[in-house]
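Since every read-out is calculated from the coordinates, none of them should be taken as a lab result. The structure displayed is predicted, hence computed values, not measured ones. All Cβ positions, even for glycine, are placed from backbone atoms using ideal geometry, and neighbour counts span all protein chains on display.
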Amino acid sequence: MGNNIDLSKFKTYVPSGRTNDITEVISLSGGRSSAYNLMMLLNGGFSNNPNNIISFQNTGKEDETCYIFLKELEQEIGLPITWLEYSLTEKFTNDLIWSSFSYEKFINGE
């Protein structure tokens, strides 16, 4: 854990059915509310399982301050935050999306 965070200041949250036998994933939005939820989970023992994952889904549309906040948060908690980024390849777009796309099906919710 980072040196500057006193987890006792946060409520404790432990999801029901938690065991150390399974890997859990918490997804951060990059804002203060999701960081607060992370702190409650850390206070409840989330970091006790080294297989647990903290992830951030980067859309590339976030404000730069979000990225700075996440890097600082990662340093403070002393745990890695895994960044996931979406990338469409031309082959995927052409072969899997547009080849089967029908505007009529889209309008009809099919």
Exercise for the section: Please give the length that would be gained between E104 and K91 if that part of the chain were fully extended, namely 0.36 nm times their separation in residues minus their C-alpha to C-alpha distance (nm, one decimal). Expected result: 2.3 nm
Problem - Label-point separation, N58 to I5 (7 Å along Cα→Cβ), nm - result: 1.9 nm
